[in-house]
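Presented below is the structure to which this report refers.
Read-outs: derived from the displayed coordinates by stated rules, not from any lab. Please read all numbers here as calculations on a predicted model, not as lab measurements. Don't worry about glycine lacking a Cβ; one is built from the backbone with ideal geometry, like all the others, and counts go over all protein chains shown.
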Amino acid sequence: MTVKSKILKALILGAPASGKGTISSRIVKKYNVEHVSSGDKLRDHIEKQTNLGKEVKQYLNEGKLVPDDVMIKFMIAELNKVQNKTWLLDGFPRTVNQAEALWRVQPVDVVLNLVVPFEVIIDRIPSGRVYNIGFNTPKVEGKDDVTGEDLVQRPDDKPEAVKKRLEIYDSVTRPVIEFYKKKGILQQFEGKTSDEIWPKVTAYLDPILLNK
Ligand code: ATP
């Protein structure tokens with residue numbers, strides 16, 4: 001019996017509303033790995049009103065990407081703090097520039113890509129219906145027509161910002177998938193729901209991360 005003590009550097013990719021958050025938190029919980037989420041870290045800075053927080057706030061609110069130079073410097077410093085741990089990187093890199101910069105300082109071992117059909121993604125945003133003021137106005141302001149849920153949870157969950165994030169994902173983040181495919185370390189997990197995807201993820205990670 002061998003104890004596997006390999007430090008794994010993993011990265012998770014997935015479109016907005018692909019269930020990346022759900023799968024990431026399940027991975028972190030099951031395998032007890034460090035979760036390094038760029039979005040969470042940025043929101044933390046915004047909340048604490050740090051200089052970085054003030055600098056990036058507007059980008060997040062509008063669903064736009066924070067410029068590469070700011071992001072690369074910030075995330076590489078964050079990753080240095082967890083050098084000796086197994087981590088799951090989430091939300092970074094989002095551009096090929098960022099992927100190249102990360103590769104230079106810390107090549108990742110594996111990239112998990114969640115593949116969810118586009119119709120399913122669209123259906124989930126936000127609560128499945130996209131409202132534009134004056135075009136498709138909800139019956140009760142701020143509430144979803146069907147579920148009655150609040151339409152706006154986070155500033156960047158506003159329909160316009162979500163639309164922007166989907167567009168950005170298609171144009172700038174998709175090439176990141178290609179980048180890792182070429183490196184030969186991309187693992188794809190397909191499904192319509194997180195419950196469908198999860199067993200595929202564990203079947204892949206168990207032999208790597210659990211001591212046998
Ligand atoms: P998505 O559903 O678009 O993946 P999310 O809520 O998971 O959204 P987060 O990863 O939490 O997104 O990031 C929220 C915001 O933080 C992004 O819309 C962007 O403004 C900024 N951000 C996070 N990571 C990066 C990055 N690697 N490069 C540039 N901007 C980033």
Rg to Rh quotient for segment 168-212, alpha carbon positions, Kirkwood Rh: 1.08
Anchor Lys163: lysines whose Cα lies under 25 Å away (excluding residues fewer than 8 positions away in-chain): Lys20, Lys41, Lys54, Lys57, Lys64, Lys139, Lys143, Lys192
Arrange the peptides 21-29, 88-96, 103-111 so that the one whose residues have, on average, the most other Cβ atoms within 10 Å appears first. 88-96, 21-29, 103-111
